[in-house]
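> Here it is: the structure, laid out below.
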Amino acid sequence: MQINFVLPAMGNSGGIDVVYKYATLLREEGHTVTIYKEIIGRNMHRYKSRIKNWVHCIYCTVKSMITLKKNKREYDKYVLSINNLFMKDADAVIATSWPSAYRVNKLNKDKGKKFYFIQDFEIWDNEEYVKETYKLPLNKIVISSWINQRMREELDIGPFPIVFNGLDTDMYHNTGKRKEDTSEINFLMLNHILPKKGVKNGLEVFQKVKKKYKNCKLRMFGMCDNSNLPDDVEYYQNPTKQKLLDLYSNSDIFIFPSLEEGWGLTPLEAMACGCVVVGTNTGFVLDLGQHENNMMISTPNNVDEMVENVEQLIMDTELMKKIQKNSIETIRQLEWKQSVQKLISFIERL
């Protein structure tokens, strides 16, 4: 099959990496894959001011043109616009974000059966415009039960087929034995600018734990800077894959404080490395999480409950070891080959 994906021209994220992983695996299965990226910036309707939105479009267009050659990856094809003129015929065309959903919906039938790969309930740009894309006549694929739940609650649609994102266990595994002779408890957490990631709650959890247990240290990582973090946080901005792997492998507890989440890639990577996740009941947790078995689960936005879960781990080393072992076993369910076969099966049925 010829399969075309549509991705943003700029930016990096776990969700974008997932699309590239699918592209690689689909090619290994004998399919032809092209990833289209639109150079001309489109109105994200992010601001109430038309002028601000217009300036943002110009900014995105200029930045796309400047970084085009520098950031070009395998399978990429940059085009002025996602339309019938610039895209080749295919068996399937897959939108991967709400702006691309509008573009894909307007393509003619020769460009392939139309799909919408949804990795989050992504209403942070403009809630009205985003929700309208979920009602478009595209064949939707989601990555978690939580997304289906939101679709049902907010729009009374679904459920849609679920294909879990896989995880590369060849990459994400423990790189070495933690120092057992140290009394220091190492915490790790993602930093993010989106409020829904719950970073403020996560920091509050750590500070409350640290008041009682002085031997705690917090490391954080992320794409943004550390201007929102206390001075005592050891921060790594845009770490390499190897550095991130070392952070996971040398941390005891990963704080996952999201208020809502489409999936949650970083806590799963942490679990693969034997780091115990203390997290909230959202995203992948609804599908894979088991309290006191493969992670510690709390209610979203409940700081005190999360603190209690952390303290339970600190006081019970046997529980910590059990969860470390079981979390690694859980990750083995997320074989990428299984995910790509489910995706292929769904596309071929249509």
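> Taking square-rooted eigenvalues a ≥ b ≥ c of the alpha carbon gyration tensor, is the stretch 185-331 rounded, prolate or oblate, where a/c under 1.5 means rounded and, failing that, a/b exceeding b/c means prolate? Write down the numbers at each step before the final one.
Values: a/c = 1.25, a/b = 1.18, b/c = 1.06.
Rounded is the answer for the stretch 185-331, as its axis ratio a/c remains below 1.5.
> So what is the relative contact order for the stretch 123-193, in percent, with contacts set as C-alpha pairs under 8 Å and at least six apart? It would help to have the intermediate numbers written out before the result.
Numbers: 32 pairs, mean separation 15.7, N = 71.
Computed value for the stretch 123-193: 22 percent relative contact order.
> Nearest 20 debye, what's the magnitude of the dipole of the stretch 58-178 about its Cα centre given +1 on Lys and Arg Cβ and -1 on Asp and Glu Cβ?
500 debye
> Would you list which lysines come within 25 Å of Lys48, measuring only between C-alpha atoms, while excluding same-chain residues fewer than 8 positions from it?
Partners within reach: Lys63, Lys131, Lys135, Lys196, Lys197.
> Grab the beta carbon distance between Ile66 and Gln207, set R0 = 35 Å, and tell me the FRET efficiency rounded to 0.05.
Values: r = 41 Å, r/R0 = 1.17.
The formula returns an efficiency of 0.30 here.
> Remind me, relative contact order of the chain in percent, using alpha carbon pairs under 8 angstrom and six or more residues apart? Please report the intermediate quantities before stating the final value.
On the way: 611 pairs, mean separation 49.0, N = 350.
Contact order relative to length: 14 percent.
> If you place +1 on the Cβ of every Lys and Arg and -1 on the Cβ of every Asp and Glu, how big does the dipole about the Cα centre of the stretch 185-331 come out, in debye to the nearest 20? Intermediate results must be reported in sequence, preceding the final value.
Values: 15 positive and 19 negative charges, 66 e Å.
So the magnitude is around 320 debye.
> Go through the stretch 128-138 residue by residue and turn each phi into a ³J(HN,Hα) via Karplus (6.51, -1.76, 1.60, θ = phi - 60°); whole Hz please, and just put x for glycine and proline.
Taking θ as phi minus 60°, the curve returns 5, 5, 5, 4, 5, 5, 6, 9, 5, x, 10 Hz for the stretch 128-138.
> List the residues whose amide H sits under 5 Å from the amide H of Gly262, counting only those 5 or more places along or on another chain, with H placed 1.01 Å from N in the peptide plane.
When sequence neighbours closer than 5 places are left aside, the close amide H contacts are Phe121.
> At most 16 other C-beta atoms within 10 Å and a DSSP loop state: those are the exposed chymotrypsin sites (Phe, Trp or Tyr not before Pro) I care about. Give me the longest piece of the chain that has none. Intermediate results must be reported in sequence, preceding the final value.
Details: sites that count: Tyr47, Phe86, Trp124, Tyr213.
Result for the longest clean stretch: 214-350.
> Using a 10 angstrom Cβ neighbour count of at most 15 plus a DSSP loop assignment to flag exposed GluC sites (Glu not before Pro), which longest range of the chain is free of such sites? Please report the intermediate quantities before stating the final value.
Working: sites that count: Glu29, Glu74, Glu180, Glu184, Glu292, Glu335.
Of all site-free stretches, the longest is 185-291.
> Can I ask one more? Filter the trypsin sites (Lys or Arg not before Pro) in the stretch 78-139 to those in DSSP coil with at most 15 other Cβ atoms within 10 Å of their Cβ, and list the result.
Numbers: sites: Lys88, Arg103, Lys106, Lys109, Lys111, Lys113, Lys114, Lys131, Lys135; in loops: Lys88, Lys106, Lys135.
Within the stretch 78-139, the qualifying trypsin sites (Lys or Arg not before Pro) (loop, at most 15 other Cβ atoms within 10 Å) are Lys88, Lys106, Lys135.
> I would also like to ask the following. So for the stretch 185-331, averaging the separation of alpha carbon pairs under 8 Å that are six or more residues apart and normalising by length, what relative contact order in percent results? All intermediate terms of the calculation are to be shown ahead of the outcome.
Working: 264 pairs, mean separation 34.6, N = 147.
Over the stretch 185-331, the number comes to 24 percent.
> Same structure, new question: Take the Cα of Asp91, step 7 Å along the line toward its Cβ, and report every residue of the stretch 12-37 whose backbone nitrogen sits under 15 Å from that point.
Residues passing the 15 Å test: 23, 25-34.
Only the coordinates and a few stated rules stand behind these numbers; no lab work does. Just so we're clear, the structure is a prediction, and the values are computed from it rather than from any experiment. So basically every Cβ, Gly included, is an ideal-geometry build from the backbone, and we count neighbours across all protein chains shown.
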